[in-house]
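So the structure is just underneath, and the comments pick up after that.
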Amino acid sequence: MRTAFIGAALLTLSAPAFAEADLTGFWNLSFEAGDPPADLVAKLPPDTVIIADTGVVEFPEGEYGGLKLKPEALAKANAWKPADEMTLSRVCLAPSIVYAIQGPFPFEVFQTPELIVFKYEYFDQVRLVHMDGRGHPPADAPHSKMGHSIGHWEGDELVVDTTHLAPSTITNNGLDHSADIHMVERYRLSPDGKRLIATQWFEDPAVLDNNGARYIQWAKQPGQYVYPYECDPAFALEYQEAGKAGE
């Protein structure tokens, strides 16, 4: 009897949330995403700018894609230099999901009716999206680079709401978000199921005078797996030595 119960429980956990959409699988960034669908753009809140830094693109110093920085955040960002990140203590420091989501690294999705797991190759990070109707924890609960995510379905569209994010970069060039940033993502499959389409929206009134968003698209690649990231901090020493040689 006990064995049968355990078997049934495992079967339930392994079943996809097929009532709406099945996002299970390996997804790799598509570099030919094109323009975002008009209906997804229409769902973005007012005063939102879509920043174009998805993939390998990174903004130069002083460029923030249309984001309007508060004076203190702008002063801090303008004082930033790339060498600031190339130290032993920072070179292997993982960013929060706010920046990590748009990078050129794949991820796997494992889906159940009550929990969706994103396993990212970038810095070996794992993210839990609670689908069981719970809310966010109190404001003083621990913050992390993945934050606390709750999700729900709007038709065939997965909506993920994330809070409790530890301060980290937004654009990887000196602009950092605060611990109060709030992020909302919308995911849906293309009609043929071969592409995963998403918008990522965020607000951070302590840092920004407007809101930011990204449009991202991934291609499904069956039979592939996420590999260990294994960041080696010794890279910072190589960078420093190369800088000295160039002086």
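The values are calculated or read from the model by the stated rules, or taken from the named source; none is laboratory data. Since we're looking at a predicted model, the values are computed, not measured. Every residue, glycine as well, gets a Cβ built from its backbone with ideal geometry; the counts of neighbours run over all protein chains shown. All accessible areas refer to the heavy atoms of the entire protein, side chains included, with ligands and DNA or RNA removed. Shrake-Rupley method; radii C 1.70, N 1.55, O 1.52, S 1.80 Å.
Enumerate the aspartates and glutamates that Lys68 could reach by cross-link, defined here as Cα to Cα under 13 Å, with residues fewer than 8 away along the same chain left out.
Those aspartates and glutamates meeting the cut-off are Asp47, Asp176, Glu203, Asp204, Asp209.
Please work out the Kirkwood hydrodynamic radius for the chain, using every pair of different C-alpha atoms, and report it in angstroms with one decimal place.
That comes to 19.5 Å for the chain.
If each residue of separation counts as 0.36 nm, what is the full-extension length gain between Phe235 and Leu40 once their alpha-carbon separation is subtracted? Before the final figure, lay out each step's value.
Values: separation 195, 0.36 × 195 = 70.20 nm, distance 3.99 nm.
Stretched out fully, the Phe235 to Leu40 stretch lengthens by 66.2 nm.
Measuring from centroid to centroid over Cα atoms, what is the spacing of the stretch 51-65 and the stretch 86-116 in Å?
One Cα centre to the other: 18 Å.
Quick one: accessible area per residue over the chain, 1.4 Å probe, rounded to a whole number of Å²?
Numbers: 12880 Å² over 247 residues.
For the chain, the per-residue accessible area is 52 Å².
Modelling each spin label as a point 7 Å along the Cα-to-Cβ direction, I'd like the Thr87/Asp180 distance in nm, to one decimal.
So the label points at Thr87 and Asp180 sit 2.7 nm apart.
Work from the charge dipole of the stretch 158-247 (Cβ charges, +1 for Lys and Arg, -1 for Asp and Glu, about the Cα centre) and give the residue of Leu196, Asn173, Thr163 farthest towards its positive end.
Toward the positive end, the furthest listed residue is Leu196.
List the lysines whose Cα lies under 28 Å from the Cα of Lys70, skipping any in the same chain that are fewer than 8 positions away.
Once the sequence-local lysines are set aside, what remains near Lys70 is Lys43, Lys81, Lys145.
Give the carbon-plus-sulfur fraction of the accessible surface of the chain in %, rounded to a whole number; probe 1.4 Å, heavy atoms of protein chains only.
Taking all protein chains in place, the chain shows 59 percent carbon and sulfur surface.
Given the Cα-Cα distance of Ala79 and Phe31 and 0.36 nm per residue of separation, how much length would full extension add, in nm?
Extra length available between Ala79 and Phe31 comes to 14.1 nm.
What is the magnitude of the charge dipole of the stretch 144-218 about its Cα centre, with +1 placed on the Cβ of each Lys and Arg, -1 on the Cβ of each Asp and Glu, and no other charges, expressed in debye to the nearest 20?
Values: 6 positive and 11 negative charges, 73 e Å.
The calculated dipole for the stretch 144-218 is roughly 360 debye.
How big is the shadow of the Cα convex hull of the stretch 108-247, averaged over all directions, in nm²? Don't skip to the end; give the middle numbers.
Working: hull surface 47.5 nm².
Convex hull of Cα atoms, orientation-averaged projection: 11.9 nm².
GNM on the chain, C-alpha springs below 10 Å: top fluctuator among Thr87, Thr112, Thr163?
Largest GNM mean-square fluctuation: Thr87.
Tell me, what is the FRET efficiency for Asp156 and Gln224 to the nearest 0.05, using R0 = 30 angstrom and their Cβ-Cβ distance as r?
0.80
Residue separation times 0.36 nm, minus the C-alpha to C-alpha distance between Lys70 and Glu114: what's the value?
12.0 nm
Counting other Cβ atoms within 10 Å of each Cβ, which trypsin sites (Lys or Arg not before Pro) in the stretch 72-121 have at most 14 and sit in a DSSP loop? Don't skip to the answer; put the middle values down first.
Details: sites: Lys76, Arg90, Lys119; in loops: Arg90.
The qualifying sites are Arg90.
At 222 nm, what value in deg cm²/dmol follows for the chain if DSSP H runs of at least 4 each add -39500 (n - 2.57) and the sum is divided by all its residues, to the nearest 500?
-5000 deg cm²/dmol
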